[in-house]
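Only the coordinates and a few stated rules stand behind these numbers; no lab work does. Just so it is clear, the structure is predicted and the values come from calculations on it, not from any experiment. Using ideal geometry, Cβ is built from the backbone for each residue, glycine included, and neighbour counts are taken over all protein chains shown.
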């Protein structure tokens, strides 16, 4: 259960933000009774995401709009493809146009970036994870786009998993204290949450393993050779996750260390929106 905004709420707020007290350009230029059709054209290669969201946006604004889906979320797309046709009152189509494109272009960019990384990992046992480095209030959608691209979601927020980072460790007084305090807290609150802890060196890694509390260890900012040594030292006793300094260029090298997961904030915060357009049809 996610505690953030629902997709319906995101759509409602986004429409209100854009429309305000009226789409006066459309209202002044297009007759209220005019009906028409538009097509979503793909202008560059990638992975499509946000088709179902587009359907929800159109339907939320005006249930009289109908949509013919040609390419579904997760489809590999090329320039010139048509993803869907949409038909209904022209005023409603034009009012929704920019919001649909804003979401679909960003989500398709995330799905495309994720899929590139997933393909690099093919043949290894490593899974690519997203992070909490998402656009505020849009986490539900951006994490959905990661899944569409073939990646996996890390924790959704601060509430669904324990992830003890370096600052937590320092303020708590060390690895062992942080883990013991976490274990006691979860027992007191009767919470059943996975515990992961970040380590910065081999000494912290050994201490985290000896505590026997965390089920996953985040090995942060290790070079590939050091990561391989760390994964071998863990030897399957807990799950391992790599983060920090990992790019699309060295991703495969990190995966070949045998690490279980690689987490990358770049999946959601360092992407290029995909070029799409909605055009009127005669």
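Principal-axis analysis of the Cα atoms of the chain puts helix 139-148 at an angle of about 90° to the longest axis.
Given the Cα-Cα distance of residue 98 and residue 125 and 0.36 nm per residue of separation, how much length would full extension add, in nm?
5.7 nm
Where the alpha-carbon atoms of the chain are placed on the principal axes, they occupy 72, 41, 23 Å, in descending order.
Gain on full extension, evaluated as 0.36 nm per residue between residue 250 and residue 9 minus their Cα-Cα distance, stands at 82.9 nm. Computing FRET efficiency as 1/(1 + (r/R0)^6) for residue 171 and residue 135, where r is the C-beta to C-beta distance and R0 is 35 Å, gives about 0.80. Going 7 Å from the Cα of residue 281 toward and past its Cβ, which residues in the stretch 17-52 have a backbone nitrogen under 16 Å from where you end up? Under 16 Å, as judged by backbone N against the label point of residue 281, lie 35-42 of the stretch 17-52. The distance linking the stretch 1-36 with the stretch 201-223 is 48 Å (Cα centroid to Cα centroid, whole angstrom).
Counted over the chain, the DSSP beta bridges are approximately 50% antiparallel.
Over the chain, Cα pairs under 8 Å with separation of 6+ residues give a relative contact order of 23 percent. Can you give the angle from 0 to 90° between the axis of helix 90-120 and the longest principal axis of the chain, with both taken from C-alpha atoms, to the nearest 10? Between the helix axis and the principal axis of the chain, the angle is about 30 degrees. You can think of it this way: the chain between residue 85 and residue 180 has 28.5 nm of extra reach, that is 0.36 nm per residue less the Cα-Cα gap.
Averaged over residues, the count of other Cβ atoms within 10 Å places the peptides 65-78, 17-30, 95-108 in the sequence 95-108, 65-78, 17-30, highest first.
With R₀ fixed at 35 Å, the C-beta to C-beta distance from residue 71 to residue 159 puts the FRET efficiency at about 0.50.
So if R0 is 35 Å, what FRET efficiency would residue 200 and residue 43 give, r being the distance between their Cβ atoms, rounded to the nearest 0.05? That gives a FRET efficiency of 0.20.
Which parts of the stretch 33-50 would a label at residue 272 reach, counting a residue when its backbone N lies under 16 Å from a point 7 Å out along Cα-to-Cβ? Of the residues in the stretch 33-50, 43-48 have backbone N under 16 Å from the label point off residue 272. Look at where the Cα atoms of the stretch 142-167 and of the stretch 65-90 average out, and the two centres are 29 Å apart.
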